[in-house]
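The values are calculated or read from the model by the stated rules, or taken from the named source; none is laboratory data. These figures come from a predicted structure and were not determined experimentally. Neighbour counts are summed over all protein chains in view; Cβ atoms, including those assigned to glycine, are modelled from backbone coordinates with ideal geometry. Each accessible area value is taken on the protein alone, full model and side chains, heavy atoms only, with ligands, DNA and RNA left out. Shrake-Rupley method; radii C 1.70, N 1.55, O 1.52, S 1.80 Å.
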Amino acid sequence: MVADIKALDKIIKETISTIQHSKEQIYCIAETARMECQRVEEEIKEVKGQLIKIINEVNKLELDERTARIRLMDVSKDFRSYNEEDIKNAYERAQLTQLKLVMLREEEKTLRFKRDHLEISLKRMKDTAKRAETLVSQVGVALQFLSNDLSGVSEKLTDIYDIQQLGISIIRAQEEERKRVAREIHDGPAQSMANIVMRAEYCSKLLEVNPSMVGNELGSLQQLVRQSLQETRKIIFDLRPMVLDDLGLIPALKRYLEDYKIQNKLIVDFTLIGSEKRFDSSLEVAVFRIIQEALTNIKKHAKAKHVFIKMELISNRINVSIKDDGYGFNTANTKPQENGSGYGLLGMKERIQLLKGGLFLNSTPGKGTEISFYLPFEN
């Protein structure tokens, strides 16, 4: 990923100008939202005042309406004391009061709806104003970051690209590991378990037909179970050595090296300087995985016959050296490649940097490779 620094600077300056313009627009949106909030608050205050007035009128009119109904009932019951005109007036008064009450209630309902709608709008506008203010602040931070440091943009972008590719490589490696584990489980324990089920069914039937042969079949079945258990433990160890959690770094590493020697037919000399002890889990996993990655690279690329590993445990850090007599390579060409190679070393560097350690690489074509690293720890 190569780009001219001037072109990158130009792109970033144009980006800064665009972001600055966007920041001003967002600020205008925030100001408009704040002004609109003030206007709506005033309108809500006015509507609430009208609503209180209407509610008081409705309460008063309800009393009048009740009085009018009572008057109408009294007049309607006593025709001797009241004439036709009195009955008509009482009826018209009750009807008019009811009509006014219905109209006021409708007006009250309309005002309540308007008030609720305005309060919802006010809440949304306040949220908009708050988000706009937050966005203005965030954009300001971005502008400050971009404006203060334009140097080394090409190198930074290259590092970002490498990290992205490392992420892709990790995902690809995870998928490949899943495929490998699934294949190993399918070809190993899964097949064995299916065989165990069939043999168990055979033993069950044999028990009815010829019990004397069941003992031999059970012996074979036990052997098959042991084999399946051994295969399962191997898969578990490859995924995450339980001995690493139970006993610590050194026992897990020794077991791994024994398996590594047998599988790859290499001579591996392991030297430990210092007393064995437990470390923080993250430190133990890091050291184990770094050594594992280095040995994987030796298996894939070095064509070595002899590997020397030296681990030194001192008061406040772990020193590790891994040396082989393989082909070696030009250390200037350690950048990750498009074909996916080179990310193992980058992953080792990333892991070591996270734990504030250091890594050193020394290799010459035809003279082997030496990788050494250290990781600090607190007692």
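On the basis of being in contact with a Ser or Thr (Cβ under 8 Å, 6 or more places away or on another chain) and open to solvent by 40 Å² or more (accessible area, probe 1.4 Å), does R199 make the cut?
In short, yes.
Considering only residues in the stretch 335-350 that are open to solvent by 40 Å² or more (accessible area, probe 1.4 Å) and touching a Leu at 6+ places or on another chain (Cβ under 9 Å), the one that is modelled with the lowest pLDDT turns out to be K335. I need every pair where a residue in the stretch 34-62 that is farther than 15 Å from M103 by Cβ and open to solvent by 40 Å² or more (accessible area, probe 1.4 Å) has its Cβ under 8 Å from the Cβ of a residue that is of a type outside the set (V, I, T) and part of a helix (DSSP H, G or I), sequence separation at least 6 or different chains. Hits for this filter: R34/A129; E36/M125; E41/L122; E43/L118; K48/R115. Counting only residues that are within 17 Å of D325 (Cα to Cα) and in a helix (DSSP H, G or I), the stretch 258-270 holds 3 of them.
For the residues R131, R115, R124, the requirement of being within 30 Å of M35 (Cβ to Cβ), at pLDDT 75 or above, of a type in the set (K, R) and open to solvent by less than 90 Å² (accessible area, probe 1.4 Å) singles out R115.
Matching residues to (1) outside any loop (DSSP other than H, G, I, E, B); (2) surrounded by 18 or more Cβ atoms within 10 Å (Cβ to Cβ); (3) aromatic (F, W, Y); (4) modelled with pLDDT under 90:
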{"site": "R278", "(1), (2), (3), (4)": "no, no, no, yes"}
{"site": "S282", "(1), (2), (3), (4)": "yes, no, no, yes"}
{"site": "V287", "(1), (2), (3), (4)": "yes, yes, no, no"}
{"site": "M311", "(1), (2), (3), (4)": "yes, yes, no, no"}
{"site": "S315", "(1), (2), (3), (4)": "no, no, no, yes"}
{"site": "G326", "(1), (2), (3), (4)": "no, yes, no, yes"}
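All conditions but one from (1) modelled with pLDDT of 75 or more; (2) open to solvent by less than 90 Å² (accessible area, probe 1.4 Å) apply to A182; the one that does not is (1).
Set side by side, the residues K6, K53 differ, and just one is at pLDDT below 75 and basic (K, R), which is K6.
Restricting attention to the stretch 351-370, the residues being within 13 Å of T331 (Cβ to Cβ), surrounded by 13 or more Cβ atoms within 10 Å (Cβ to Cβ) and within 33 Å of the chain's Cα centre (by Cα) number 1.
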